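The values are calculated or read from the model by the stated rules, or taken from the named source; none is laboratory data. None of these values were measured; they are calculated from a predicted model. We place every Cβ from the backbone using ideal geometry, glycine too, and count neighbours over all the protein chains shown. Remember, those area values only see protein heavy atoms, side chains included, never the ligands or the DNA or RNA. Shrake-Rupley method; radii C 1.70, N 1.55, O 1.52, S 1.80 Å.
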Amino acid sequence: MENIEGFLRSAANALGVALFPAQTDAFQKYMKLLLTWNEKMNLTAITEPRDIVIKHFADSLTILSCLELPKGAKVLDVGSGAGFPGIPLKIAQEEIDLTLLDSQNKRLTFLKEVCEKIRIKAEFVHARAEDAGREKKMRMKFDLVTARAVAPLNVLCEYCMPFVRMNGYFVAMKGPGAQEEIEQAEKAIKELGCDLQNAKQLTLMDGSQRTLVICKRTRGISGEYPRSSAKIKSKPL
């Protein structure tokens with residue numbers, strides 16, 4: 001696998017994120033593990049090193065270009081999958097307190113190995129978001145909750161917003177055509193006790209467009225939410 005240290009630095013620098021040698025080394029180890037594990041389980045369809053840097057690593061780091069995370073911020077990555085954006089955020093800003101949540105135990109096994117091999121600390125939660133969001137130790141406990149899931153925004157809000165503490169943020173990572181989703185999610189955002197702060201549009205090194213939908217909790221949330229997954233999907237807010 002080609003050495004991509006310089007390319008990693010350039011991709012991060014374009015977002016205003018500086019990476020030290022230890023961090024670029026961690027990203028390269030992460031990539032190697034991702035590609036090795038991908039041969040035995042479906043983690044990503046993106047397998048070219050430079051594409052991984054742009055579409056996974058740099059894409060994850062876009063959050064740091066538009067949201068300042070205080071030292072020790074509690075960050076939750078919902079439906080973490082192959083670890084994006086949670087692990088890149090932790091590599092770039094080690095002082096955050098990271099939790100990775102996924103419903104598939106085999107993915108968590110992969111994530112645990114990655115964290116062990118690149119020597120970062122994280123908590124791992126094996127649960128469905130709608131169940132974990134009702135647990136006292138998880139509900140309204142995080143400064144930042146994020147997800148790169150493909151679910152429509154109004155659905156994603158109900159899965160993720162119950163975890164956001166007062167004055168904390170939910171950041172949904174979306175593609176270029178997010179405006180329609182945002183309009184459809186206005187009711188959900190309000191109902192779940194949050195306000196839309198920004199829909200930040202960014203361009204990655206390959207020219208692809210991203211939209212970060214940034215919502216802030218300004219009010220409490222009804223005990224009614226999150227509902228069951230079936231209700232969330234069949235009758236989205």
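Residues that are within 30 Å of THR218 (Cα to Cα): which helices (runs of 4 or more DSSP H) entirely in region 80-144 hold 2 or more of them?
86-92, 129-132
Taking into account only those residues within region 209-237 that are hydrophobic (A, V, I, L, M, F, W, C) and at pLDDT 95 or above, which is farthest from LEU8 (Cα to Cα)?
Checking each candidate, the answer is ILE221.
Sort out which residues of region 199-221 are among the small types (Gly, Ala, Ser) and outside any loop (DSSP other than H, G, I, E, B), and write them in order of number.
ALA199
Return the only residue of PHE7, PHE27 being more than 18 Å from SER80 (Cα to Cα), of a type in the set (Phe, Trp, Tyr) and either in a helix (DSSP H, G or I) or in contact (Cβ under 8 Å) with a residue 40 or more places away in the chain (or both).
Exactly one of PHE7, PHE27 is more than 18 Å from SER80 (Cα to Cα), of a type in the set (Phe, Trp, Tyr) and either in a helix (DSSP H, G or I) or in contact (Cβ under 8 Å) with a residue 40 or more places away in the chain (or both), namely PHE7.
Output the residue which, of all residues in region 151-172 that are in contact with a Leu (Cβ under 9 Å, 6 or more places away or on another chain) and under 14 Å from SER80 (Cα atoms), is surrounded by the fewest Cβ atoms within 10 Å (Cβ to Cβ).
So the residue we want is VAL171.
Being within 30 Å of SER10 (Cβ to Cβ) and open to solvent by 10 Å² or more (accessible area, probe 1.4 Å) is the filter here; which residues of region 100-113 pass it?
ARG107, GLU113
Are there any pairs with C-beta distances below 9 angstrom linking a residue in region 67-93 that is closer than 21 Å to LEU43 by Cβ to a residue that is part of a loop (DSSP other than H, G, I, E, B) and hydroxyl-bearing (Ser, Thr, Tyr), with the two at least 6 apart or on different chains, and if so which?
GLY79/SER103; GLY81/THR44; ALA82/THR44; PHE84/THR44; GLY86/SER80; ILE87/SER80
Go through region 16-28 residue by residue and tally those that are among the aliphatic types (A, V, I, L, M) and open to solvent by less than 20 Å² (accessible area, probe 1.4 Å).
Result for region 16-28: 3.
May I ask you to list pairs of residues, at least six apart or on different chains, whose Cβ atoms are under 8 Å apart, with the first in region 222-237 being assigned to a helix (DSSP H, G or I) and the second being open to solvent by 40 Å² or more (accessible area, probe 1.4 Å)?
That search, which allows pairs on different chains as well, returns SER229/ARG128.
Looking only at region 30-52, count how many residues are assigned to a helix (DSSP H, G or I) and either open to solvent by less than 20 Å² (accessible area, probe 1.4 Å) or not basic (Lys, Arg) (or both).
11
From (1) farther than 30 Å from LEU8 by Cα; (2) more than 18 Å from the chain's Cα centre (by Cα); (3) not aliphatic (A, V, I, L, M), pick out the condition that doesn't hold for ASP206.
For ASP206, the failing item is (1).
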